[in-house]
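Read through the structure below, which is laid out as structure tokens, and then see the notes.
No lab work stands behind these numbers, since they all come straight from the coordinates. Everything numeric in this text was worked out from a predicted model, so none of it was measured. For neighbour counting, all protein chains shown are included, and Cβ atoms are generated from backbone atoms with ideal geometry for every residue, glycine included.
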Amino acid sequence: MTEPTRQIDANTEGDYALDIDDVNAILEAVQAGAAGQLAALLDQLHAADIADLLEQISGAERIELLHLWAGQMDGEVLSELDEGLREEVLEHLDSKIVAEAVRDLETDDVVDLLEDMDSDQSAAVLAALDDGDRAAVEQSMSYPEDSAGRLMQRKVVVAPEHWKVGEAIDFLRNRDDLPEQFYHMILVDPRYHPVGYVTLGKLMSSRRSVLMTDIVEDSFRVIPADQDEADVAYAFNQYHLISAPVIDENDRLVGVITIDDAMSVLEDEAEEDILRLAGVGAESLSDSPLNIAWARFPWLFVNLITAILASLVISMFEGSISQLVALAVLMPIVASMGGNAGTQSLTVAVRALATRDLTSSNASRVVMREILAGLMNGGVFAVVMGIIGVLWFGTPLLGVVIGVAMIVNLGVAALAGVLVPLGLEKAGIDPALASGAFVTTVTDIVGFLVFLGLATAILL
């Protein structure tokens with residue numbers, strides 16, 4: 001028996017890219033087994049919206065939908081899916097259906113899909129491609145994973161460097177195998193080395209007699225095929241590129257990367273950093289509870305170890321705490337403020353490392369800036385907590401102790417928030433993945449040690 005149709009609360013409409021009535025109509029068609037109605041509804045949607053729909057509905061609804069609609073699956077929908085969900089969807093699709101769906105995709109999208117397919121599906125897809133496209137895809141697959149060679153598309157619009165504008169325009173008008181979207185016409189020398197490119201806007205606005213080399217763009221840059229895709233995305237963002245030619249080890253043109261693919265990588269990198277800062281992997285809403293728990297367990301275990309270390313520091317002052325209960329009341333405040341300050345510095349540092357704004361040349365200046373900011377905030381909150389300590393417990397020296405501890409811990413937190421990710425990057429460890437646990441450990445231990453140590457020395 002199938003599950004009853006799930007109605008989505010209209011009050012949550014702002015949370016969905018799709019119209020709520022359309023989503024409910026699609027679910028009703030799935031529940032009724034109405035393949036024709038379902039196809040008519042999905043035909044009205046963009047591929048990205050269908051991908052969102054597949055992520056939003058439950059696993060059972062997703063399987064039923066795929067069963068009814070699989071024969072009309074569009075390759076663009078598969079390319080829009082998150083990797084984890086794409087693997088699940090591919091498991092429920094016949095190899096012939098997948099092969100037919102991806103036939104008209106650009107080679108870079110085909111390569112991206114092949115990475116998530118099993119051997120039978122990938123063989124079926126390759127067999128369905130034209131000889132030229134199949135050779136292009138196989139060559140792209142020969143490049144390292146997460147490299148420019150995997151990211152590029154093989155269809156390139158090329159012109160000899162000696163052409164004039166009129167020749168280039170006539171060439172474009174007479175070709176029927178141009179890419180669906182392109183932004184530049186790449187100029188090559190006789191050895192097929194790219195030497196520049198011309199935007200389509202500049203091409204169409206220039207006189208026919210103008211040499212192509214006279215209207216090339218200053219932004220021209222080439223990308224080695226083995227370059228890491230993260231470096232490619234950085235170059236696009238840093239130099240405001242729209243597209244860039246890709247070259248092989250002999251500097252010959254082998255493909256082109258466009259801004260949509262580069263920005264997709266940049267978005268994935270930023271999302272990955274955010275998730276890793278929270279100790280979370282590449283999760284999606286379609287993941288099972290078991291997979292999510294397994295992915296989160298390692299860093300929760302690390303946090304448990306750091307919490308035990310902090311507790312060991314507290315246990316060193318067990319006698320002091322038993323004599324002055326106020327210490328037990330106030331010490332979480334010191335640790336919590338230090339942890340928050342450390343997280344602030346850490347987030348800024350990790351993002352600056354990702355965008356390459358934080359380097360060895362400016363690290364000392366950034367460290368000093370963070371320390372000063374931490375000490376300033378520490379001073380302000382030291383006064384606040386000092387006053388609260390006096391008013392709350394009637395002990396002026398207690399206010400002094402917590403004030404000094406606050407200054408020290410916020411300064412150390414700011415320092416650790418920068419130095420820890422810098423040190424991890426030098427050691428070849430992703431700073432977004434491991435920094436949080438180390439910074440929290442430092443701020444907890446220092447906070448408890450300074451506060452309880454000062455209290456023991458001054459108050460007892």
With eigenvalues of the C-alpha gyration tensor scaled by 5 and rooted, the chain, Å: 54, 33, 19
Listed residues ILE169, ILE259, ALA235: farthest to the positive end of the dipole of the stretch 158-262 (Cβ charges): ILE169
Whether the stretch 111-150 is rounded, prolate or oblate, judged on the alpha carbon gyration tensor where a/c under 1.5 counts as rounded: oblate
Listed residue (MET212, TYR183, HIS193) projecting farthest to the positive dipole end of the stretch 158-262, Cβ model: MET212
Most positive-pole-ward Cα, LEU290, ILE388, PHE317, against dipole of the stretch 289-459 from beta carbon charges: LEU290
Inter-centroid distance (Cα atoms) of the stretch 294-335 relative to the stretch 76-136, Å: 51
Spin-label pair VAL383/HIS193, simplified geometry with 7 Å Cα→Cβ offset, distance in nm: 6.6
DSSP-defined antiparallel bridges as percent of all bridges, the chain, nearest 5: 70
Computed [θ] at 222 nm, helices only, for the chain once each DSSP H run of length n ≥ 4 contributes -39500 (n - 2.57): -21000 deg cm²/dmol
Tilt relative to the chain, helix 396-426 - C-alpha long axis, 0 to 90 degrees, to 10: 30
q = 0.11, 0.23 Å⁻¹: log10 I(q)/I(0) that the Debye formula gives for the stretch 97-188, counting C-alpha atoms only: -0.39, -1.13
Net charge dipole size for the chain [Lys, Arg +1 and Asp, Glu -1 on Cβ; Debye, nearest 20]: 2840
Largest to smallest principal axis extent of the C-alpha atoms in the stretch 10-150, angstrom: 48, 28, 23
Computed magnitude of the charge dipole of the stretch 289-459 (debye, nearest 20; Cβ of K, R +1, Cβ of D, E -1): 280
Spread of Cα-to-Cα distances over 10 Å intervals beginning at zero, given as percent, for the stretch 289-459: 11, 34, 31, 18, 6, 0
Electrostatic dipole magnitude of the stretch 10-150 [Cβ: Lys, Arg +1; Asp, Glu -1; Cα centre; debye, to 20]: 420
Helix axis angle, 59-69 relative to the chain longest principal axis, alpha carbon, degrees: 10
Gyration tensor (alpha-carbon) shape descriptor, the stretch 381-453, a/c threshold 1.5: prolate
Label point distance in nm, ILE63-LEU290, each placed 7 Å from Cα along Cα→Cβ: 1.4
Fraction in percent of alpha-carbon pairs per bin - 5 Å, the stretch 179-244: 3, 15, 23, 23, 21, 9, 4, 1, 0
